[in-house]
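Comments concern the structure below.
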Amino acid sequence: MVQIKRALFLPVFALLAHHVQADDATTIPRNDNTPEHTLVLPAFEPYPVSGAALWEQFTDGPEKRWRASRATKQGGDEIRYDGEWAIEEASVLVGVNGDTALVVKDDARHHAISTTLGSALDPADDGLVLQYEIKLQKSLECGGAYIKLLTAPFAGEFSDATPYTVMFGPDKCGDSKVHMIYRYRNPISGNYTEHHLNKTLYPPVDKLTHLYTLAIRTDNTFSISIDGSNSHTGSLLEDFEPPVNPPKEIDDPYDRKPADWEDDEKIPDPDAEKPDGWDEEAPLMIPNKSAVMPEGWLVDEPLIVSDPNVKKPADWDDDEDGEWAAPMVPNPRCVDAPGCGTWERPLARNPSYKGKWHAPLVANPRYKGKWKPRRIENPTYFEDSELFKLSPIDAVGFELWTMQSGISFNNIYLGANESVAAQIAENVWRPKHSSELAVSEALQPKSSPLSKPSVMDIVEMFKARFEEIGTNILVFYHTAVDRGILEALRDEKSGAFAAVMAVGGIAWLTWNMAVILRFVSGLLFPAPPRLSAATAASSALASDSDSDSDSAAKNGGTSTGVNPAAGSEASVAKRGTTTAST
């Protein structure tokens, strides 16, 4: 067993030092043949937060604060919230020992649970900050994991009909997204309308703990962060559908288009006439008069005949079983013939076909343009420049339908201080997330190092590849001969790809062979060593001395009319020139 020392994890868990103790060891079994790992996980200790409307770590008797709903969903289906909840530790990728959370316990059930605040939170005062952790222990195939901030006053059983101020969090069923919805009360009608974020944000759906943060500020801006990283920043006035503020002008609902208004820019030419000889009844296809019945066509042979090999059963009674008839089979005489039965000419396009005649389009002399109703002032117009002043909140709840259990919620913060939320993220979520990553890494099977292929493995690989290329080229050739070059090129399996690969393979092989031959020839026939300048000069002196000696011997020792000393000087001068040039 490999013991991972506590010191290795000090950088990971340093931020937990003031509120967790690393005193519990967790054994991580491996799913391969490598030894088990023992990770020293931090132990949970409460993290104090002051000034929050809600700070929930599910300690100190949370069962008394959170109430599961047994209401019936809105509508006529009589669907009840019968899903169970539990407050327990995670069972998958545990990052902190003793860290309890609110957990969805049932698959394919409707769940609802809520808790009230000590005092109502009014976003009109300082805005709103909502942050909470989600851990999808069984991932998420279809279901929600969002939270609702319930509108004050909250009373009765929590259900989908309970008014809420903000709904925020991930949802996935097919497509996945992060919901951000706020409800706004129209100051004229008094009715509430839902306004949805018009940008799609994608949530992580792995089994790690993830942190979702929403901040709504008093300048009408908002931001959404996932795992401490900003995912979107926008405006309550501009980034939601439908927009809260209605248009100043609208179409007059009572305005009607005049009866004589023509908004067709083009009309059929009223003066056009169908040309003489235009036959609208002529068919598109007619029998091909030039077609000839193939030679060997068996006109008198039916396509199917009675099976001659089947005999009437001996116990067949025509009175009781009816008249016996042998089963029908394809006519064996038609197998090798071009066809049997009545021969009919194949159809060909009718050269006289023109179809239905239509008059050509011309400009409409009475065209007035596209009609639009007149614009009038919107009687329901208003302009609210302080959308952050949402309805007060006095409860928080989860109202979900999900196909997967094991969804856990933890460390829920509701308040107005973004700095506090950031400190919670840094001191509570981040160490836990790092610990879970360490556990996940320890659970990953360690792959063995790849062995270096032998020379024969490489040879066999290239042999198989060239055989494949050769086969494709042959298929390409036969296809081109039988069906034409265009048909062969259309077939990728036996077409251009194989040819290009063959050319490339041959070029690559040729280049490699040239390199190998050059290397081998260098070993078998080494080139003579290159002479240095001094060596070349010495060789030149020796050559000149031999030449002078030969000349002197031929002329009786000295050249006629030439001083030997002068000849020697000339020779030296010559040698000096040779050396310099060398």
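A DSSP coil position with no more than 11 other Cβ atoms inside 10 Å describes the following trypsin sites (Lys or Arg not before Pro) in the stretch 220-314: LYS248, ARG256, LYS289, LYS311. Take GLU262: with every protein chain present and a 1.4 Å probe, its accessible area is about 50 Å².
With 0.36 nm allotted per residue and the present C-alpha distance subtracted, the ARG374-ALA314 stretch has 12.5 nm of extension available. A simple spin-label model places the labels of TYR381 and SER176 4.5 nm from each other, with each point 7 Å out along Cα-to-Cβ. Of the chymotrypsin sites (Phe, Trp or Tyr not before Pro) found in the stretch 210-256, those in coil by DSSP whose Cβ has at most 16 other Cβ atoms within 10 Å are TYR254. Computed from backbone phi, the HN-Hα couplings of the stretch 276-289 come to 5, x, 6, 9, 6, 8, 4, x, 6, 10, 9, x, 6, 5 Hz, rounded to whole numbers (Karplus: 6.51 cos²θ - 1.76 cosθ + 1.60, θ = phi - 60°; Gly and Pro given as x). For LYS354, the lysines whose Cα falls under 27 Å of its own Cα, not counting residues fewer than eight places away in the same chain, are LYS266, LYS274, LYS289.
The chymotrypsin sites (Phe, Trp or Tyr not before Pro) of the stretch 308-349 that meet both conditions, a loop assignment by DSSP and at most 12 other Cβ atoms within 10 Å of the site Cβ, are TRP316, TRP324.
In the stretch 114-221, taking the dipole from charged Cβ atoms about the Cα centre, the farthest positive-side position among PRO170, HIS196, THR115 is held by PRO170.
Rounded to the nearest 10 square angstrom, LYS274 shows an accessible area of 90 square angstrom against a 1.4 Å probe.
For SER235 and LEU489, what does the FRET efficiency come to when R0 = 41 Å and r is the distance between their Cβ atoms, rounded to the nearest 0.05? Once rounded, the FRET efficiency stands at 0.15. A crude spin-label estimate for the pair VAL299 and GLU460, with each label 7 Å from Cα along the Cβ direction, gives 6.6 nm. The distance from the alpha carbon centre of the stretch 52-81 to that of the stretch 265-314 is 73 Å, rounded to a whole number.
Taking label positions 7 Å along the Cα-Cβ direction at both LEU201 and ALA120, the computed distance is 2.7 nm, reported to one decimal. Among the protein heavy atoms, those of ILE485 account for about 90 Å² of accessible surface (1.4 Å probe, every chain in place).
For the stretch 126-168, the residue among THR151, LEU136, ALA161 whose Cα projects farthest onto the positive side of the dipole built from Cβ charges is LEU136. I need the calculated FRET efficiency for the pair GLN444 and MET403, taking r as the beta carbon distance and R₀ as 25 Å, to the nearest 0.05. Efficiency computed from Cβ-Cβ geometry: 0.40.
Amide hydrogen proximity for HIS179: with H placed 1.01 Å from N in the peptide plane, the residues at 5 or more positions away or on another chain lying under 5 Å are GLY169, ASP171.
Along the stretch 208-223 the Karplus relation, 6.51 cos²θ - 1.76 cosθ + 1.60 evaluated at θ = phi - 60°, assigns HN-Hα couplings of 7, 7, 10, 10, 10, 10, 10, 10, 10, 10, 6, 9, 6, 8, 8, 9 Hz to successive residues, with x for each Gly and Pro.
The values are calculated or read from the model by the stated rules, or taken from the named source; none is laboratory data. These figures come from a predicted structure and were not determined experimentally. Neighbour counts run over all protein chains shown; Cβ positions are idealised from the backbone, glycine included. Accessible surface is based on the protein model in full, side chains and every heavy atom, while ligands, DNA and RNA are left aside. Shrake-Rupley method; radii C 1.70, N 1.55, O 1.52, S 1.80 Å.
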